[in-house]
Each structure stands twice: as C-alpha cells, then as structure tokens.
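Worksheet: the structure to be examined is printed underneath.
The values are calculated or read from the model by the stated rules, or taken from the named source; none is laboratory data. Computed from a prediction, not measured in an experiment: that's the story for all the values here. Here Cβ is always computed from backbone atoms with ideal geometry, including for glycine, and neighbour counts include all displayed protein chains. Only protein heavy atoms, including side chains, enter the accessible area calculation; ligands, DNA and RNA are left aside. Shrake-Rupley method; radii C 1.70, N 1.55, O 1.52, S 1.80 Å.
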Amino acid sequence: MPPASERGCGFRIGDGRLARLSGGLAVALTVAIACRQVSPVRQSAAAAPARFGFGRIATVDEIRAWDTDVRADGRGLPPDSGTATEGAAIYTARCAACHGADGAHGAVAPAPTLVGRMPDDAFPFATDTTAVPTVGNYWPYATTLYDYIHRAMPFGSPGSLSPHEVYAVAAFILARNGIVPSTAVLSARTLPLVRMPARHRFVPDDRTGGPEVR
Amino acid sequence: MADEGPEAATDPGPDVPVTRRTLLAGALGAATAAFARSLAAQMPANPVQGSPAPQSPAAPGLPTSAVGTRAPSVHLARAPVGAVVGESYTPLQDLDGTITPADLHFERHHAGVPAIDPVGYRLLIHGLVDRPVIFTLADLRRFPARSRICFLECSGNGRKGYRAMSPQTTPQQIDGLTSTSEWTGVALATLLAEAGIQKSARWLLAEGGDAALLTRSVPVAKALDDALVAYAQNGEPLRPEQGFPVRLVLPGWEGNMNVKWLRRIKAGDEPFMTREETARYTDALRGDEARQFSFVMDAKSIITFPAYPTVLPGRGWCEVRGIAWSGRGRITGVDVSADGGATWAPATLQQPVLPMAHTRFRYVWQWQGQPATLMSRATDETGYVQPTLATLRSVRGPGTNYHLNNIRGWDVDAAGRVTFAARV
C-alpha cells in the first residue's frame, strides 16, 4: 500500500491505453501534471514485477555469521554453559569498572545499575519516581541478558566475550539478584527456564486509537 | 523510574548527574546565545536609527561555491547531551516551517556513530523467507524509490515537560528529540517480496550495525504497510548520525525502532524480546504494569515562539507559532489558549498537512501587557486530543518515562518575559 500521502491520485498514468481512452493527449497531460509528484511511483507500481532479481542469495555460512540473536524461548542460544562462580572473576575484570563492584552500587553513568530487587518484588515504577530499574526488578526475560551482553557488552569491546563467558557473567548477574543460586549451571537448556520476577508485569499496548487517552 | 537511576543517565532524563548537568547548562547557554543571535539576524536594524539608505554593495560579492554555508550571522546548533550514549536536541525555536535541516535532525545513539564503508555495506534479509538475500547499497538503489515526509521522534522526548520541570527550559530542551525530513529509499515491502516472506512471519528483527548492534522487533504488518529502507534524507545521502548508509523509517512510530545503520532483517513468528523493547522503551503504568510495544506516537504540539528565553518587545500583535504532529495520521486542528487553558481558539495550519509529519500552526495574538499563559492543544484525524499534564499523570503515573505528549505551556509575565509553565 502506498503511504497515505501518495494516495488519492489513483490514475494509471503513463499507460498509453488510458491516454487513448480518455480521448486525447490534453487530458492525459493534465492528469500527468496534476499528479507529477506521484506518477513515477504509480508507473513503476503498475509495471512492477513480483521480483526484480536484485541482490544475491545469502550462503548458509554468511547467515550463520550474522544470525546471533537469542529469543525468549532460547532459540539462538549457543552450546556451552557457565556458572555465577565462574562469572564473578569475569565481572570484576570486564564489567565492574562501569557497573560497580557488586552490580548494586557505584555504577558510573551512563552505565545502569544491574542488581536490585524490590521488597515483595513490587513494581512501583509509574508512581515512585525514585525507583531504580535493574535486571532483577524490571527485566522480563533472562534470555535477553545473554542476547544483550553478547551483542553490546562490555561497552568499548562488544563481542569480545566467548559464549562460556557470557553464560557465566549472566549467571553472576542473576545470582547477585537472587534469581538463581550461585551454583546454577546456565546453558541453552536452562537459561530459558529462569523465571524473572517482573515477567508478569508486561502488557501489550492497550491503546486502541480514537479519542481515549491511555 | 528513578530520576538518578540508569534511565536518567542513559536517556534524556530530567535529572542528570552533575557532569551532565554542567554540560547541559553549557548547551543551554549556547542555545540561548544562538537564539538571540539568530533573532537579531532576522530583524533588520531600525531604519530610523541606522543608515537611512539601503545597503548597496560597492563591489561584487563572494564567488559561486561547491557547497553552501549558512549566513555568517546565523548560528543554528543542536544541543548535545552525553557522549556516545547520548542524544542531541533539534533547535525547534530557531526553525520555521516543517522540514528540519538534515544537519540539525536530532540524534540518539546507544553506542556512538559508526563509520560504515558504503562499498562494503550489506543488508541481509533471512529467517522465515523463501530466499535469504543480501543486498549491496547499489542493489537497494536499483529498486523503485519512494519518498515520504514524516517526523521521527524519540519516545523519551518531552521528559522536561513531564518530570522535574524548570521554568528556564527552551523548546529545544523540552521537545528537541523530534524532527521532520523527506526520507527516500525502497519500500521494505518490496525487499520482503524479493526475499519471499512466508505467511507464518509475524515479526521482523531489525538490527543496526553500530557498536550496540541495536535490535528491535517490528510487526510484519507495519513493514508491509509503509516502512521504508531509506538511503536519503532531504535529497542527500543519509548523514552518519542518521544511519548512513541505510536506516529503517517507520512513519509515526517511536524513534528507537527506526533502526539506523540497518544491516540485518530477520523474519520470525514472534517478537524477539530485545533489551530495547523490554528493559527500555516500555512504559510503566499505574497498576504496577509496564506497557510493551507502544509503537505509535500520540498527538502532540508545542509552541516554539514565544518561548523561553524570549522577551516580548512590547504590547501589541504577536504571532504565536509552533509545531504539531501525530503518529496516527494527520493533525486536524490545533487550538491555542492565552489564559492557561480556560479558553481556546483555533490556530491556522500551514498547508499541506501531511500525515505523521510536523504541522506548522500559527495564531495571531494581541498581548495587552497582562500576565498570560500560552498553550497549544493538538487534535488528530482519529479524534484524539492532546491531554493535559494532569490527565496524563493521572492515567499513567508521574514516574512513567516515555510517550510524554501532554500539553505544554509558556508563562508570559507583565514585563513580557517568557518561561516554561513548569507546573502540574
């Protein structure tokens, strides 16, 4: 569908038959001038093939190299595993300078605080303007932690951690948050099973359009 | 969310740490000075006081040039806050009309601006498609092109009009994370047809090529409707800060989804639950919930003149000017109030009014020297009316942190000094 700004000029101009049918060049020209802004789009849309054949088919290896995202159900998680105990040293060496020695205090802005739970796992963020969101009190999925650390952290040298190191440091953050025991082995099988405290807090957009303010 | 928390630190938060506050103060000073200079540049010297004769050059001027520059007296500048994780604000009060010059389009980056070689650039489309494809920039430019004028707005825009407000705040600081451009590229629908997107595909993962490899999930329905894979802005190739060589443009949807430096699109059957659509860019709501996938930007407007730090030159006629926009479609009306919302009168909309684009409104007002509070209120084609701050806070809660589209006001005192109406 063309953008709404291009709708409303639904002639098939540039089509020779239309010009003949409409009884002369003058009419066709008038239409063409009135719709000059949109006529190239219309023309190509009218003549567009199902496929242009531009670009090339990606190879399996190319896709494998790019396809690193991890879904909430764990699809995309690589083999390997790690524990919080193993992650502690990695955290201290690679993360603590920005996120604070224990993850709960001393984060250096703009690095966020990673560790913290609310009493009774409350979720007061709309009403308490001092509440600090963390992995422990706000994140709905543990798998996102793997995906994000692997793609973006440590800030300054993203992508430099091995899958084992990412599992281990994610396990460390989850253990500091009291979500998994420090002995838990996180892997492609176990990480998706971790139930985050804020998991049930998220609702899809419930704005329905129209006059209602939500 | 916490004013001193990570949100405030990483997004345009209302309450910034000291170092950033200092930066901000510097930016404000610069913005104020730039405003005064640009205002002076627009106002010819009073001929009674100055030379009675018009200025006539005594010699030919500068030669033609390969690239134009602004007049020496014109100083337009974004206000950058933060650094590689940061944003820079469009100087809304210094601009007329509806189009934002590309070099003043706001920025928001999560890991700086990457330098991408356009020759080595590749876009991969894979997942639930019949033919996983790789396009070069030259490939993308061969497809039928499409242009679209629309706004982009960071959904964190407007925090200084919602939380921790201060009278000494400019339109740039309040709402400078919105800009309007003409974007040109290839319809994403065309590329998905080329790859043979499968019926079971419901969501796309869009991935950027910056150091954050920023990812967002985009519903396939939006991709097929009006999404653009853009390589040009206002007629020229994208600027690096805007995603050179290629970015996603999703008209009317929150800025973060318009992934810059676009390098990969993966079709899937469910959302990917990335950090940017779970930990961030979700809206805390009353009832101890967070709204997820709140893509559409609701209707909003702001008066950009007169605004802080303007001082009205004296009683008399004053054209009130501003911009209005809605992610749901066209703006159908903007009302202006000079008495803090007690009475309203319709402003004139600059034509043509385009859907999901900044719409310029103007209202001729007579100031008689009395204290006044100017406000603007936008209505869009869905019948949605921009809410008051009190309404939005009661519906969402004072700590919510995105989609802050409440009515903004400007106080004018008896001396003509204009400040932001920083109160609930």
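Would you point out which residue out of B:A347, B:A307 is under 22 Å from B:N406 (Cβ atoms), modelled with pLDDT of 95 or more and either open to solvent by 10 Å² or more (accessible area, probe 1.4 Å) or assigned by TED's automatic domain parsing to the domain that holds B:K199 (or both)? Please lay out each step first, then the result.
Working: B:A307 fails: either open to solvent by 10 Å² or more (accessible area, probe 1.4 Å) or assigned by TED's automatic domain parsing to the domain that holds B:K199 (or both).
Result: B:A347 is the single residue among B:A347, B:A307 that is under 22 Å from B:N406 (Cβ atoms), modelled with pLDDT of 95 or more and either open to solvent by 10 Å² or more (accessible area, probe 1.4 Å) or assigned by TED's automatic domain parsing to the domain that holds B:K199 (or both).
Let me spell it out: the conditions are (1) open to solvent by less than 10 Å² (accessible area, probe 1.4 Å); (2) modelled with pLDDT under 95, and A:V166 meets all of them except one. Which number is the exception?
Among (1) open to solvent by less than 10 Å² (accessible area, probe 1.4 Å); (2) modelled with pLDDT under 95, the lone unmet condition for A:V166 is (2).
Kindly indicate which of A:H105, A:H164 is away from chain B (no Cβ under 12 Å), farther than 27 Å from B:R286 by Cβ, over 21 Å from the mean Cα position of the chain (by Cα) and without any contact (Cβ under 8 Å) to a residue 12 or more places away in the chain.
A:H105
Considering A:R151, A:R189, which residue is in contact (Cβ under 8 Å) with a residue 12 or more places away in the chain and open to solvent by 20 Å² or more (accessible area, probe 1.4 Å)?
Values: A:R151 fails: open to solvent by 20 Å² or more (accessible area, probe 1.4 Å).
After applying the criteria, what remains is A:R189.
Can you tell me which residues in the stretch A:51-77 are in a helix (DSSP H, G or I) and among the aromatic types (F, W, Y)? Give the steps one after another, and end with the answer.
Residues of the stretch A:51-77 that are in a helix (DSSP H, G or I), as a first pass: A:60-66.
Passing the criteria: only A:W66.
State whether the residues of the stretch B:380-399 include one that is surrounded by 22 or more Cβ atoms within 10 Å (Cβ to Cβ), touching a residue at least 60 places away in the same chain (Cβ under 8 Å), assigned to a strand (DSSP E or B) and not assigned by TED's automatic domain parsing to the domain that holds B:W253.
Yes, the stretch B:380-399 has at least one match.
Consider B:L354 against the criteria (1) open to solvent by less than 30 Å² (accessible area, probe 1.4 Å); (2) in contact with a helix residue (DSSP H, G or I) (Cβ under 7 Å, 6 or more places away or on another chain): it satisfies all of them except one. Which criterion is unmet?
Of the numbered conditions (1) open to solvent by less than 30 Å² (accessible area, probe 1.4 Å); (2) in contact with a helix residue (DSSP H, G or I) (Cβ under 7 Å, 6 or more places away or on another chain), the odd one out for B:L354 is (1).
So which residues in the stretch B:147-183 are hydrophobic (A, V, I, L, M, F, W, C) and either in a helix (DSSP H, G or I) or more than 13 Å from chain A (Cβ to nearest Cβ) (or both)? Don't jump to the end; show me each part of the working.
So the first thing to find is which residues in the stretch B:147-183 are hydrophobic (A, V, I, L, M, F, W, C), and the list is B:149-152, B:154, B:164-165, B:174, B:177, B:183.
Across the stretch B:147-183, the qualifying residues are B:L152, B:C154, B:I174, B:L177.
Within the stretch B:170-186, track down each residue that is in contact (Cβ under 8 Å) with a residue 60 or more places away in the chain and open to solvent by 10 Å² or more (accessible area, probe 1.4 Å). Talk me through it step by step, then tell me what you get.
To start, the set of residues in the stretch B:170-186 that are in contact (Cβ under 8 Å) with a residue 60 or more places away in the chain comprises B:170-183, B:185.
Within the stretch B:170-186, B:Q173, B:E182 meet the criteria.
If we only count strands (runs of 3 or more DSSP E) wholly inside the stretch B:197-242, which ones have 1 or more residues that are under 25 Å from A:H150 (Cα atoms)? Walk me through how you get there before you give the answer.
Details: elements: B:203-208, B:215-219, B:228-233.
Because the criterion is at least 1 residues that are under 25 Å from A:H150 (Cα atoms), the strands (runs of 3 or more DSSP E) in the stretch B:197-242 that meet it are B:203-208, B:215-219.
Identify, by number, the condition in (1) under 22 Å from B:Y281 (Cα atoms); (2) open to solvent by 40 Å² or more (accessible area, probe 1.4 Å); (3) not in a loop (DSSP other than H, G, I, E, B) that A:T208 doesn't meet.
Unmet condition: (3).
Are any of the residues in the stretch B:278-296 within 11 Å of another protein chain (Cβ to nearest Cβ), charged (D, E, K, R) and open to solvent by less than 10 Å² (accessible area, probe 1.4 Å)?
yes
Could you check the stretch A:116-132 and list, in sequence order, the residues that are part of a loop (DSSP other than H, G, I, E, B) and of a type in the set (D, E)?
Residues of the stretch A:116-132 part of a loop (DSSP other than H, G, I, E, B): A:116-118, A:122-132.
Once the filter is applied, which keeps residues that are part of a loop (DSSP other than H, G, I, E, B) and of a type in the set (D, E), the stretch A:116-132 yields only A:D128.
Where residues in the stretch B:122-147 are out of contact with any Gly (no Cβ under 8 Å at 6 or more places or on another chain) and not hydrophobic (A, V, I, L, M, F, W, C), which of them is surrounded by the most Cβ atoms within 10 Å (Cβ to Cβ)? Walk me through how you get there before you give the answer.
Step one: list which residues in the stretch B:122-147 are out of contact with any Gly (no Cβ under 8 Å at 6 or more places or on another chain), which gives B:122-126, B:132, B:137-138, B:141-144, B:147.
Keeping just the survivors that are not hydrophobic (A, V, I, L, M, F, W, C) gives B:122, B:126, B:132, B:141-142, B:144, B:147.
Working: B:R122: 17, B:H126: 20, B:P132: 22, B:R141: 17, B:R142: 14, B:P144: 15, B:S147: 19.
Taking the candidates together, the pick is B:P132.
Going through the stretch A:122-145 one residue at a time, which ones are open to solvent by 30 Å² or more (accessible area, probe 1.4 Å) and under 17 Å from A:P112 (Cα atoms)?
Filtering the stretch A:122-145 for residues open to solvent by 30 Å² or more (accessible area, probe 1.4 Å) gives A:122, A:127-130, A:132, A:141.
Once the filter is applied, which keeps residues that are open to solvent by 30 Å² or more (accessible area, probe 1.4 Å) and under 17 Å from A:P112 (Cα atoms), the stretch A:122-145 yields A:T129, A:T130, A:V132.
Any residue in the stretch A:47-71 that's more than 7 Å from chain B (Cβ to nearest Cβ): show its pairings with residues that are open to solvent by 50 Å² or more (accessible area, probe 1.4 Å) at Cβ separation under 7 Å, as long as the two are six or more apart or on different chains.
Pairs found: A:T68/A:H150.
For B:Q93, state whether it is modelled with pLDDT under 95 and either open to solvent by 20 Å² or more (accessible area, probe 1.4 Å) or farther than 25 Å from B:W261 by Cβ (or both).
On the way: modelled with pLDDT under 95: no; either open to solvent by 20 Å² or more (accessible area, probe 1.4 Å) or farther than 25 Å from B:W261 by Cβ (or both): yes.
In short, no.
Which condition breaks for A:A175 when tested against (1) over 23 Å from A:D121 (Cα atoms); (2) in a helix (DSSP H, G or I)?
Of everything listed in (1) over 23 Å from A:D121 (Cα atoms); (2) in a helix (DSSP H, G or I), A:A175 misses just condition (1).
Give the residues of the stretch A:79-98 that are closer than 24 Å to A:P192 by Cβ, open to solvent by 20 Å² or more (accessible area, probe 1.4 Å) and in a helix (DSSP H, G or I), sorted by residue number.
A:T85, A:E86, A:A88, A:I90, listed by residue number.
Could you identify the single residue in B:L248, B:L285, B:L312, B:L238 that is under 27 Å from A:G74 (Cα atoms) and at pLDDT 95 or above?
Numbers: B:L285 fails: under 27 Å from A:G74 (Cα atoms); B:L312 fails: under 27 Å from A:G74 (Cα atoms); B:L238 fails: under 27 Å from A:G74 (Cα atoms).
Being under 27 Å from A:G74 (Cα atoms) and at pLDDT 95 or above holds for just one of B:L248, B:L285, B:L312, B:L238, which is B:L248.
What are the residues in the stretch B:102-121 that are open to solvent by 40 Å² or more (accessible area, probe 1.4 Å), under 29 Å from B:M356 (Cα atoms) and not in a helix (DSSP H, G or I), if any?
B:V113
Sort out which residues of the stretch B:149-169 are open to solvent by 10 Å² or more (accessible area, probe 1.4 Å) and closer than 20 Å to B:K260 by Cβ, and write them in order of number.
B:I149 - this is the single residue of the stretch B:149-169 that is open to solvent by 10 Å² or more (accessible area, probe 1.4 Å) and closer than 20 Å to B:K260 by Cβ.
If you take the residues in the stretch B:136-146 that are in contact (Cβ under 8 Å) with a residue 40 or more places away in the chain and more than 7 Å from chain A (Cβ to nearest Cβ), which one is nearest to the chain's Cα centre (by Cα)? Reasoning before the result, please.
Residues of the stretch B:136-146 in contact (Cβ under 8 Å) with a residue 40 or more places away in the chain: B:137, B:140-141, B:143-146.
Those still in the list that are more than 7 Å from chain A (Cβ to nearest Cβ) too: B:137, B:140-141, B:145.
Values: B:L137: 27, B:L140: 26, B:R141: 27, B:A145: 24 Å.
It comes out as B:A145.
Which condition number does B:R330 fail, the rest of (1) out of contact with any Lys or Arg (no Cβ under 6 Å at 6 or more places or on another chain); (2) over 18 Å from B:T98 (Cβ atoms); (3) open to solvent by 10 Å² or more (accessible area, probe 1.4 Å) being met?
Failed condition: (2).
Does B:N258 fit the bill of being under 18 Å from the mean Cα position of the chain (by Cα), under 24 Å from B:S326 (Cα atoms) and open to solvent by 10 Å² or more (accessible area, probe 1.4 Å)?
Answer is no for this residue.
Is it the case that A:R71 is at pLDDT 95 or above and open to solvent by 40 Å² or more (accessible area, probe 1.4 Å)? Lay out the reasoning, then the answer.
Details: at pLDDT 95 or above: yes; open to solvent by 40 Å² or more (accessible area, probe 1.4 Å): no.
Spelling it out, it is not the case that A:R71 is at pLDDT 95 or above and open to solvent by 40 Å² or more (accessible area, probe 1.4 Å).
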